[in-house]
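The values are calculated or read from the model by the stated rules, or taken from the named source; none is laboratory data. Predicted, not measured: the structure shown is a model, and the values here were computed from it. So basically every Cβ, Gly included, is an ideal-geometry build from the backbone, and we count neighbours across all protein chains shown.
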């Protein structure tokens, strides 16, 4: 067995003291870093709560607008000119336009299993325009055809639609031209 000399023992103790001092210095710097990391966390919670509140408020306003939307006399007059029934469209597609029983001046327009509640809008051209303001979908009727457009994305959804009255009008014009 070997003996530890007093010099080796003192070097060993000095090494432990130095290491302990470094460890002590590291522990003193770590707590200072923790409070800085804890500050941003509370700021996120109010933001998500306010978004939820805003979404809820927006839904409530949309519902209130839908419930209280009134039809003007001009819109009621336009609703008398709306052609109803099932329109045959290009690519063997169909669009169904039906007046709503409990809401005068409102129409349910169904295309590709999606139903839209539309109201007549005034135009400067005399075309019949039905619009679902929430979805941005518009149904346009002119004497020879009808079409459905999505204003939000700026695309036609379906075109070349004709109802029985429109087909009769086209046939009459064609016969008169002969």
Residues (free of Cβ contacts under 8 Å to residues at least 40 places away in the same chain and surrounded by 12 or more Cβ atoms within 10 Å (Cβ to Cβ)) located in the range 118-128:
118, 127
Closer than 16 Å to residue 81 by Cβ and surrounded by fewer than 19 Cβ atoms within 10 Å (Cβ to Cβ): does that describe residue 153?
no
Examine the range 163-172 for a residue that is touching a helix residue (DSSP H, G or I) at 6+ places or on another chain (Cβ under 8 Å) and either touching a residue at least 24 places away in the same chain (Cβ under 8 Å) or over 20 Å from residue 126 (Cα atoms) (or both), and state whether such a residue exists.
no
Kindly indicate whether residue 153 is within 30 Å of residue 58 (Cα to Cα), in a loop (DSSP other than H, G, I, E, B) and touching a helix residue (DSSP H, G or I) at 6+ places or on another chain (Cβ under 9 Å).
no
Pair list, Cβ < 8 Å and 6+ apart or interchain, from the range 132-147 residues that are buried (at least 20 other Cβ atoms within 10 Å of the Cβ) to residues that are modelled with pLDDT under 95 and not in a loop (DSSP other than H, G, I, E, B)
141/166; 146/166
Mind checking which residues of the range 132-148 are more than 17 Å from residue 96 (Cβ to Cβ) and in a strand (DSSP E or B)?
none
Hits in the range 118-131 - residues which are within 13 Å of residue 81 (Cβ to Cβ) and not in a loop (DSSP other than H, G, I, E, B):
120, 121, 128, 129, 130
